[in-house]
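As structure tokens, the structure follows; a few thoughts come after it.
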Amino acid sequence: METANQTATEETLAPLCTVCCCGLINRTLAVIFMVSLAFAIVVGNVVTLTVFMQTRHSRTPQGYLKVSLAIADMMVGVWVVPFSVYTEISLMVTRAPPPWYQGISTESWQPCMLIGPVFAGCTFVSISTIFLMTMERSVAILRPLHKDTLVTRHRILFLIILSWTGSFLLAMSPLMLSNSFTLEYNECSRMCNYAPLLIKNQLPPDANILLLFPAFDFSLLGGTLAVNIISFTSIRRYSRKRKLLSEGSLGTDMGAGGCPHRPSFSDIKAAKTIGILTFAFTASFSPIAVFVLGNVVGFTWCNFSFLAFWILTGNSCCNVIIYSVRDHRFRKGLTLLFQRDRAQPHSEKS
């Protein structure tokens, strides 16, 4: 009986196990990549949070949004990636799949029931936070005099809480709205994925519930792109009027249809940075959307699923580089933080 079960398991796993997924060398390279990525994600976002906690000038509505994004990214580096590392090392050492692997055992508790929603929820938090960042910058550019009135710390904190709550409810929606899904560690993506429970080797009729994920993300990304276009159009109009003013073609009031209340240089630069952030997230999420759509239709795409999921995971590291490093307030806070660390040992010696 044990041999028969083992043979059935091997037959189930064999078709998916390609060159990308199997072999000691490939698994070792994958583990090295995962460990390096987790280290970069955690260190980068810990630095971001430390700068925010240690510098008062970072505690602005934009700063709170940056912290929300950093926490979501860091959770991916602390929970999601290490679990994949642990599973891959277990496969190399024991050469036997663990109980949570590909739904082998349904009797024991599945760690993926926790890891999977964490990854999905943090992804939704990231895109909703980017959307809130875009809205905050658009107010600063289009209505600079009303920025402090419209964008307050209490409103931003409320929106952040709403973002986290809604994102994790959405991440759990396939399990709450249907009994046709489970979460299991997938050998192709090497992550905890939502998996439909097949009925006579056929997808369940409500398998399209998974399309809620790309629909939500692309709706917010589309709204973010539209707001960015409006903001950049205003910036371009202002830059053109400023150029004409410097050449003496306009009056001091910048024309009858001009904008006498100019957005600050930092607001304009922040808007451009968020535009880059939106483009990066769209590029990293698009492969996942294609994979989910293909999965609902019935395709497996083993090699492509690994690339899609880990490109999206790598975005948790890119956010720190794109947003925080480009922010002059972050650079100033980081400089002050290192100066403070150097000053403390010097004072102790004296």
Mean Cβ-within-10 Å packing, highest first, puts peptides 131-143, 168-180, 148-160 in the order 131-143, 168-180, 148-160
So the carbon and sulfur contribution to the accessible area of region 87-180, 1.4 Å probe, in percent, is 66 percent
Computed from the beta carbon distance with a Förster radius of 45 Å, FRET efficiency for residue 239 and residue 177 to the nearest 0.05 stands at 0.40
Selected from 123, 138, 113, residue furthest toward positive end of dipole (region 70-149; charges at beta carbon): 138
Please list the non-local residues whose amide H lies under 5 Å from the amide H of residue 184, H modeled 1.01 Å from N, same-chain partners needing a gap of 5 or more. 193, 195
Leaving ligands, DNA and RNA out of it, work out the accessible area of residue 216 with a 1.4 Å probe and give it in Å² to the nearest 10. 60 Å²
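The values are calculated or read from the model by the stated rules, or taken from the named source; none is laboratory data. Quantities reported herein were computed from a predicted structural model and do not represent experimental measurements. Quick reminder, even Gly has a Cβ in these numbers, built from the backbone with ideal geometry, and neighbours come from all protein chains shown. Heavy atoms of the whole protein, side chains included, go into the accessibility calculation; ligands, DNA and RNA do not. Shrake-Rupley method; radii C 1.70, N 1.55, O 1.52, S 1.80 Å.
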